[in-house]
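Accompanying notes for the structure given below.
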Amino acid sequence: MKFNKSILSLALVFSINVFAADKPEVMILGTGGTIAGAAQKATDVTGYTAGEIAVSTLIEAVPEIANVADVKGIQVANTSSSNISSDILLELANTARKALNGDTKGIVVTHGTDTTEETAFFLDLVNQTEKPIVVVGAMRPATAISADGPMNLLNAVTLAASDEARGRGTMIMLNDFIGAAYYTSKTNSTSLDTFKAYDQGFLGTFAGGVPKFYYGPSQATGKPSFNISKIEALPRVDIIYSYLDMQPDQLNALVDAGAKGIVVAGSGNGSTPKAVRDRIAELQKSGFPVVLASRTGAGYVTAKEHGIGSGMLNPQKARIMLMLGLTKTQDLAELADLFGTRA
Ligand code: SIN
């Protein structure tokens with residue numbers, strides 16, 4: 001397996017244990033992000049470096065964690081989340097799988113919020129246990145006045161250690177709300193109140209330091225499951241954005257560059273200008289998968305004749321689904337089934 005050495009240089013080099021022997025075991029996998037970010041000034045909430053502080057320091061800064069779990073921490077990466085690669089996703093998933101197959105009650109992943117939804121969605125599709133994975137981050141760096149990371153981390157560990165979290169798949173925990181990784185996305189570039197699932201809503205909230213779920217355990221309708229234990233690399237899948245006057249050149253460039261699939265962030269219900277649509281139809285005829293998603297940020301993209309509708313998935317989640325789907329099949333109808341949109 002190949003890794004980006006500069007980002008993964010700390011991977012698995014050290015681990016921290018916070019012993020609380022009578023409490024459930026929770027493993028925290030650190031990857032960086034603003035929750036591990038440091039700025040020069042306590043008032044600086046945008047000009048900072050993400051992924052500066054080790055996960056061990058984040059855990060030590062919240063001694064209350066020992067009241068809810070026996071925590072083990074592993075630094076898988078320490079970077080801004082825009083640098084999280086498919087190799088890191090595989091490393092994270094494999095580390096989580098080994099722990100979940102043992103005594104660990106749940107996993108917490110500390111992560112930059114910018115791409116939390118992609119990593120959380122990936123982990124949701126590949127976790128083959130009933131045990132929870134909770135992805136947590138922060139919108140303010142650890143050095144800021146009123147940093148949100150410590151409370152988010154305590155909530156995430158509490159959630160991962162709770163009996164009620166079982167059977168709900170991977171969750172995103174920020175700003176006191178619990179969202180299903182399958183549906184939740186970052187919707188605001190700077191606000192603390194950024195994670196939403198506009199159509200599906202939250203699964204629950206934190207009140208008085210305890211998770212309060214609105215519904216019993218359930219999973220997203222039609223959610224597939226992938227066993228990636230033997231997968232060494234994920235296929236290249238790219239995203240392009242549709243706009244007025246868009247030309248097919250970008251599709252052609254990506255095919256020439258070796259992409260194995262393309263997701264188009266189309267307008268509305270996955271629309272593109274006619275020339276692009278015609279090229280997508282040609283690619284589809286040749287067996288090359290093009291998924292049509294929506295740039296609107298919410299809603300459903302229906303089945304298409306000239307490509308694969310992304311269903312409920314936004315472009316970045318559709319990309320993860322297509323990458324995983326291509327590890328199993330090249331068949332376009334079977335790939336469409338993963339999105340619930342066979343034409
Ligand atoms: C990042 O995603 O790494 C930076 C932004 C954040 O964590 O909020």
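Note on ASP44 and LYS285: their simple-model spin labels are 5.7 nm apart, each label 7 Å out from Cα toward Cβ.
As a test of reading the structure, rank ASP199, ASP44 by solvent-accessible area (1.4 Å probe, protein chains only), most first.
Numbers: ASP199 95, ASP44 35 Å².
So, going from the largest accessible area down, we get ASP199, ASP44.
Centroid-to-centroid, using Cα positions, the range 30-62 and the range 69-109 are 18 Å apart.
Roughly how big is the range 237-339's charge dipole about its Cα centre, with Cβ charges of +1 (Lys, Arg) and -1 (Asp, Glu), in debye to the nearest 20?
Working: 10 positive and 10 negative charges, 42 e Å.
With Lys and Arg at +1 and Asp and Glu at -1, about 200 debye.
Expressed as a whole percent, how much of the Cα-Cα distance distribution for the chain exceeds 32 Å?
Details: 17109 of 58653 pairs.
Summing the P(r) tail past 32 Å for the chain gives 29 percent.
Work out the charge dipole of the chain with +1 on the Cβ of Lys and Arg and -1 on the Cβ of Asp and Glu about the Cα centre, then indicate which of MET173, GLY258, ILE35 is farthest towards its positive end. Comparing the listed Cα positions along the dipole, GLY258 ranks first.
Over the chain, calculate the relative contact order: mean separation of alpha carbon pairs under 8 Å at least 6 apart, over the residue count, as a percent. Please report the intermediate quantities before stating the final value.
Details: 804 pairs, mean separation 45.2, N = 343.
Relative CO of the chain lands at 13 percent.
Can you give me the % of accessible surface on the chain that is carbon or sulfur? Probe 1.4 Å, all protein chains present, nothing else counted. Display every interim value, and only then the final one.
Working: 7230 of 14440 Å².
Summing carbon and sulfur atoms, their accessible area is 50 percent of the total for the chain.
Accessible surface calculations at 1.4 Å, restricted to protein heavy atoms, place the chain at 42 Å² per residue.
For the range 237-339, the relative contact order works out to 25 percent when only alpha carbon pairs closer than 8 Å and six or more residues apart are counted.
How large, in Å, is the range 237-339 by the Kirkwood hydrodynamic radius built from its alpha-carbon pairs?
Values: mean 1/r = 0.0767 Å⁻¹.
Kirkwood hydrodynamic radius for the range 237-339: 13.0 Å.
Remark: accessible surface ordering of MET171, MET27 (largest first) is MET27, MET171, probe radius 1.4 Å. Solvent-accessible surface (1.4 Å probe) assigned to ARG97 amounts to roughly 80 Å².
Close amide H pairs (under 5 Å, H built 1.01 Å from N) link MET171 with ILE133, VAL134, VAL135, ALA181, residues at least 5 positions away or on another chain. Taking 0.36 nm per residue of separation and subtracting the Cα-Cα distance, full extension of the segment from ALA333 to ASP103 would add 78.9 nm. Surface calculation, 1.4 Å probe, protein heavy atoms: ASP245 sits at approximately 130 Å² accessible. The count of lysine pairs in the range 222-343 whose Cα atoms are under 18 Å apart, excluding pairs fewer than 8 places apart on the same chain, comes to 10.
When the chain is fully extended, how far beyond the present Cα-Cα distance does ASP163 get from ARG342, taking 0.36 nm per residue of separation?
Details: separation 179, 0.36 × 179 = 64.44 nm, distance 3.69 nm.
So the extension gain works out to 60.7 nm.
The values are calculated or read from the model by the stated rules, or taken from the named source; none is laboratory data. What you are looking at is a predicted structure, and each value in this text was computed from that prediction instead of being measured. Methodologically, a virtual Cβ is constructed for each residue, glycine included, from the backbone with ideal geometry; neighbour enumeration extends over all protein chains shown. Side chains are part of the model used for accessible areas, which takes the heavy atoms of the whole protein and leaves out ligands, DNA and RNA. Shrake-Rupley method; radii C 1.70, N 1.55, O 1.52, S 1.80 Å.
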